[in-house]
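J.: Dumping the structure here so I can ask a few things about it.
The values are calculated or read from the model by the stated rules, or taken from the named source; none is laboratory data. Source: prediction; values computed, not measured. Don't worry about glycine lacking a Cβ; one is built from the backbone with ideal geometry, like all the others, and counts go over all protein chains shown. Areas reflect the complete protein model, heavy atoms only, side chains present, ligands, DNA and RNA absent. Shrake-Rupley method; radii C 1.70, N 1.55, O 1.52, S 1.80 Å.
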Amino acid sequence: MLAILALPALYLAAALAGSLIPANGAWREPAQGVTVYLASNGIHTDLVLPARAEGLDWRPLLPTRDFADPDPGARWVAFGMGEKRVYLDTPRWRDLRPRTLWSALAGGERVMHVEWVSDPAWHARTIRLRPEEYRRLWAAIRAGFALDPRGRPRRIDHSGYGPADAFYRGTGRANALATCNAWTADRLRLAGVRTSLWPPFAQGLTWRYREPSTETLPAGS
């Protein structure tokens with residue numbers, strides 16, 4: 001019984017350590033490069049990339065027909081990973097049920113959430129990448145999608161949360177160790193960016209990065 005009661009404390013201690021210990025500790029942000037954003041609602045983080053930069057274009061992989069009514073002027077795409085039941089059955093946090101929570105903790109199918117974004121600086125942090133780092137980040141995110149025989153992400157038949165987002169099948173499983181925020185940090189680590197080693201909570205990741213400046217940054221700046 002004591003061991004069971006100690007598990008949450010051990011998890012929180014590991015989360016604190018994993019959030020403070022850096023991966024790619026020698027990385028320094030360049031003065032120029034491609035700007036991406038790390039969005040957060042306090043619980044979940046998304047990576048927000050330009051729709052097109054460094055010769056890489058998300059539009060052929062994520063065509064507008066996959067979305068109900070995206071803003072035609074949106075030039076950014078937000079990417080997040082989550083457990084299938086949590087994402088598809090919990091449009092609002094108050095809709096969370098014990099069975100859904102158990103799926104998130106014990107493990108379930110990974111799902112990718114994609115949204116076309118007009119204002120990437122909303123509730124976000126800014127990260128500037130070298131071109132080669134951006135290309136690695138792009139490839140790491142793309143690898144999170146389960147692909148159909150034509151090499152395109154497999155869209156899930158779900159209405160989404162709004163007119164500009166859609167769900168796709170992911171690769172692997174999500175659980176209490178492989179959380180959405182740990183997935184985000186892992187994409188940044190694969191890109192070569194300094195990040196937290198294992199941040200299961202959003203705050204363990206966002207603290208590392210600067211807030212967006214008041215100036216408007218064009219895609220690929």
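J.: Does at least one position in the range 8-24 carry a residue that is touching a strand residue (DSSP E or B) at 6+ places or on another chain (Cβ under 9 Å) and under 25 Å from L96 (Cβ atoms)? If you could, list the steps in order and put the result at the bottom.
T.: Taking the range 8-24 as the starting set, the residues that turn out to be touching a strand residue (DSSP E or B) at 6+ places or on another chain (Cβ under 9 Å) are 18-24.
Then keep just the ones that are under 25 Å from L96 (Cβ atoms); that gives 18-19.
There is at least one residue in the range 8-24 that is touching a strand residue (DSSP E or B) at 6+ places or on another chain (Cβ under 9 Å) and under 25 Å from L96 (Cβ atoms).
J.: Among the residues of the range 31-45, which ones are of a type outside the set (S, T, N, Q) and either touching a helix residue (DSSP H, G or I) at 6+ places or on another chain (Cβ under 7 Å) or under 23 Å from M112 (Cβ atoms) (or both)?
T.: G33, V34, V36, Y37, L38, A39, G42, I43, H44
J.: Looking at the range 47-56, can you tell me whether even one residue there is in contact (Cβ under 8 Å) with a residue 60 or more places away in the chain, assigned to a helix (DSSP H, G or I), in contact with a Lys or Arg (Cβ under 8 Å, 6 or more places away or on another chain) and of a type outside the set (V, I, T)? Don't jump to the end; show me each part of the working.
T.: Of all residues in the range 47-56, those in contact (Cβ under 8 Å) with a residue 60 or more places away in the chain come to 47-54, 56.
Those still in the list that are assigned to a helix (DSSP H, G or I) too: none.
Taking every residue of the range 47-56 in turn, none turns out to be in contact (Cβ under 8 Å) with a residue 60 or more places away in the chain, assigned to a helix (DSSP H, G or I), in contact with a Lys or Arg (Cβ under 8 Å, 6 or more places away or on another chain) and of a type outside the set (V, I, T).
J.: Just to verify a result, which residue in the range 52-66, among those that are crowded, with 20+ Cβ neighbours inside 10 Å and out of contact with any Gly (no Cβ under 7 Å at 6 or more places or on another chain), is farthest from Y134 (Cα to Cα)?
T.: Filtering the range 52-66 down to residues crowded, with 20+ Cβ neighbours inside 10 Å leaves 53, 58, 62.
Pick out the ones that are also out of contact with any Gly (no Cβ under 7 Å at 6 or more places or on another chain) and you get 58, 62.
Numbers: W58: 13, L62: 18 Å.
Looking at the filtered set, the residue picked out is L62.
J.: Are any residues in the range 120-149 open to solvent by less than 30 Å² (accessible area, probe 1.4 Å), within 16 Å of N24 (Cβ to Cβ), touching a residue at least 60 places away in the same chain (Cβ under 8 Å) and not hydroxyl-bearing (S, T, Y), and if so, which ones?
T.: Answer for the range 120-149, where residues must be open to solvent by less than 30 Å² (accessible area, probe 1.4 Å), within 16 Å of N24 (Cβ to Cβ), touching a residue at least 60 places away in the same chain (Cβ under 8 Å) and not hydroxyl-bearing (S, T, Y): I127, L129, E133, L137.
J.: Name the helices (runs of 4 or more DSSP H) wholly inside the range 129-221 in which the number of residues that are basic (K, R) and within 29 Å of P72 (Cα to Cα) is 2 or more.
T.: Numbers: elements: 131-142, 180-191, 203-206.
Those helices (runs of 4 or more DSSP H) span 131-142.
J.: Just checking, how many residues over the range 25-41 are loosely packed, with under 13 Cβ neighbours inside 10 Å and over 13 Å from the mean Cα position of the chain (by Cα)? Outline the logic, then answer.
T.: The initial filter retains those residues of the range 25-41 that are loosely packed, with under 13 Cβ neighbours inside 10 Å, namely 25-26, 28, 30-32, 41.
Those still in the list that are over 13 Å from the mean Cα position of the chain (by Cα) too: 25-26, 28, 30-32.
Residues in the range 25-41 being loosely packed, with under 13 Cβ neighbours inside 10 Å and over 13 Å from the mean Cα position of the chain (by Cα): 6 in total.
J.: Among the listed residues R59, R28, identify the single one that is out of contact with any helix residue (DSSP H, G or I) (no Cβ under 7 Å at 6 or more places or on another chain), of a type in the set (D, E, K, R) and closer than 23 Å to G170 by Cβ.
T.: Details: R28 fails: closer than 23 Å to G170 by Cβ.
Result of the check over R59, R28: R59.
J.: When the range 102-119 is examined, which residues are found to be part of a strand (DSSP E or B), open to solvent by 40 Å² or more (accessible area, probe 1.4 Å) and within 12 Å of A78 (Cα to Cα)?
T.: Initially, the range 102-119 is screened for residues part of a strand (DSSP E or B), giving 108-117.
So of that shortlist, the ones also open to solvent by 40 Å² or more (accessible area, probe 1.4 Å) come out as 109-110, 115.
Within the range 102-119, E115 is the sole residue that qualifies.
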